[in-house]
Each structure stands twice: as C-alpha cells, then as structure tokens.
Amino acid sequence: MATSLRCFLRSGKRAGLVAAQRGFSRSSAAAVQVNVRDALNQAMDEELERDERVFLLGEEVAQYDGAYKVSRGLWKKYGDKRIIDTPISEMGFAGIAVGAAMAGLRPICEFMTFNFSMQAIDQVINSAAKTYYMSAGLQPVPIVFRGPNGASAGVAAQHSQCFAAWYAHCPGLKVVSPWNSEDARGLLKAAIRDDNPVVFLENELMYGVPFEMSEESLSKDFTIPIGKAKVERQGAHVTLVSHSRFVGLCLDAAAVLAKEGVDCEVNEPTAPGWACPVLQPRGNAVTPMSSR
C-alpha cells in the first residue's frame, strides 16, 4: 500500500478521536462527520451568501466545480458573475483579484496548486501583501489566496513544495494552514472577512478525510480567530508543534511515546509564523510552549 494512502487511512481512523481533544466537539453531543473538502465548500457558500462582495475566481472553479471539487455546486447557485473561470494565467487572474480587493470587493483567488502561485508572486507580494501596511491602513486588500499546498502522490517535485515558510516570512501576509474540518471551516470564514491578504494553505491528502464537528462549529456565525495556536493534546513532558497534515502524525507519535511513559503535548499553530509559541524551560531543555 502506498505511503500516502496509508497516511490517508490512518487520518480517517483518527478522526473519531478528535472529539475528545477539541473544545468545540466537546460542547455538543450532536457531532456529525464532515470531510475537509465539504467544510471548505460550506465556508465559501455561507460567505458568498452572507456578503455579495465575495466572489471566487480561478482555473476550473466554475462549471468543473474545481480541480479538487472544493467549489462543487457554487457556480450553479451563484452564476458566472461570482464564480469565475479564468484563463491559464496566474499572474493575470491574481492581478484581477488584487485589483478587485482594492476596489472594495472580497475575492477568493484559487490556485490549482500553490506551486503555480510562483507565476503570480509579484501580485501576491508586491501588490497584495505590501499595500495595506504601506498605506497606513488606508487601503485594505481583503483577498484570500487558497489552494492545495505541499506534497501529494505522483505529482513530481514541481508540484510538491510547501510554501508555509516562504509566505510566513513576507510582511503584510497572514498565512493559515488548517489541519481538520473545524480548522478549515472556521479559519476560511475568518480569512474571507479579514481586511488583510490571507494565504490559505490546504492539503490535497486531507480533502477527503472526515472529522467530527459539533452543531456549534457548523453554525453560520462560527469563525476561528487567525493567529491563535491550539492544544490538540495535553501533555506534561514535551511539546510537539506542527501544522496541517503533520498534526495528525504528531498525535500518532504522542500515542507511541505515551506507551513509553513520555507525556506529549501536541500544539497546532494554525497560522505558521504568525502565532509564535513562547519559549519556556522544561527540565534540561527549552521547548516551545503555547500561551494558554
């Protein structure tokens, strides 16, 4: 069995344990299974319905429902003016999206893969990221750049790069990297409402993985503040810090170490580089500990 498929199946088995580790899932007995793809789709649907300034553009996002079907059904519901198929020119449609944001709209700009964002890097960095703070807050740029990031199966090195560190080092950008369905839903809704440009890094291998979500987290008013780390597992000895798909691998590692008497905390900075943990001493080592 391929490594990526084993990880996918392991993530699916782990989904049932999430309720015991997350506050929102504990708050209601009426939890339902929602995969990450559907959580993202719901978030965009609700924000498109809530705010007529929101629109989605990118390659194959409309009639084809998106390369990974994240925008499934949105074109049929909102039409050509708000779900826009673009030519294969990332520099072109990213520039259109940035200009629309400066004019008062709230675009969601989908890259089929974040590797293609390199074709639009001037628009992302020099136009979107710098304008809001260089104008002293007079010119908001409320745009979300979203799409799959990182490695997947059979896509070669050109389509396997992780851009979290790249974009986290750029002043003016908020960078978000969700792990589960609750993260994906709450953080995407928050990103769309934010007046800053947000880079929203999804993971192709996580799209089909289901997680439990409570009735509270499925509310149309549910958002997760950008820049706050979360403790996925309490622990007393050492802290494991990761984001996106590797949060699940950290939980697996914590379970193995628990059998050897090592109690691990698993910390998820959903905005890598933006939510910086505080360094605190633990025994003979200094480990990053989240601020609770």
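Karplus-derived 3J(HN,Hα) values for region 73-84, using 6.51 cos²θ - 1.76 cosθ + 1.60 with θ = phi - 60°, are x, 6, 5, 5, 7, 10, x, 5, 6, 10, 10, 10 Hz; glycine and proline are entered as x. In this structure the amide hydrogen of T86, modeled in the peptide plane, comes within under 5 Å of the amide hydrogens of G58, E59, E60, V61, none closer than 5 places in sequence on its chain.
The H on the amide N of E232, modeled in the peptide plane, is under 5 Å from the matching H of V266, N267, E268, each at least 5 residues off or on a different chain. The modelled label-to-label distance for the pair M91/A253, using points 7 Å beyond Cα in the direction of Cβ, is 4.0 nm. By the count of neighbouring beta-carbon atoms within 10 Å, fewest first, M134, M118 end up ordered M134, M118.
Take each peptide in 71-77, 177-183, count the other Cβ atoms within 10 Å of every residue, and average; sorted highest first, the result is 177-183, 71-77. For N35, the residues 5 or more places off, or on other chains, whose built amide H falls under 5 Å of its own are F211. Put a dot 7 Å past the Cα of A103, heading toward its Cβ, do the same for R72, and the two dots end up 3.3 nm apart. Taking packing as the residue-averaged number of other Cβ atoms within 10 angstrom, the listed peptides 43-56, 188-201 run from highest to lowest as 188-201, 43-56. Remark: region 39-46, residue by residue, has Karplus-estimated 3J(HN,Hα) of 5, 5, 4, 4, 4, 5, 4, 5 Hz, where x stands for each Gly or Pro and the curve is 6.51 cos²θ - 1.76 cosθ + 1.60 at θ = phi - 60°. For the cross-link pairs K69/K230; K77/K228; K69/K220; K130/K228, the ones whose C-alpha atoms lie over 26 Å apart are K69/K230; K77/K228. Per-residue Karplus couplings for region 184-199, computed as 6.51 cos²θ - 1.76 cosθ + 1.60 with θ equal to phi - 60°, are listed in order as 4, 5, x, 6, 5, 4, 5, 5, 5, 7, 6, 7, 8, x, 10, 9 Hz, Gly and Pro entered as x.
State, to one decimal in nm², a quarter of the convex hull surface area for the C-alpha atoms of region 3-213, i.e. the direction-averaged projected area.
Details: hull surface 47.9 nm².
Averaged projected hull area, Cα only: 12.0 nm².
Just to verify a number: FRET efficiency for D263 and Q33, C-beta to C-beta distance, R0 = 25 Å, to 0.05? That gives a FRET efficiency of 0.30. The label point for E215 and the one for Q234, both projected 7 Å from the Cα toward the Cβ, are 2.6 nm apart.
The numbers here are math on the coordinates, done by the rules we state, and not lab data. Note that the structure is a prediction, hence the values are computed from the model and not measured. As a convention, Cβ positions derive from the backbone with ideal geometry for all residues, glycine included, and neighbour counts pool all protein chains shown.
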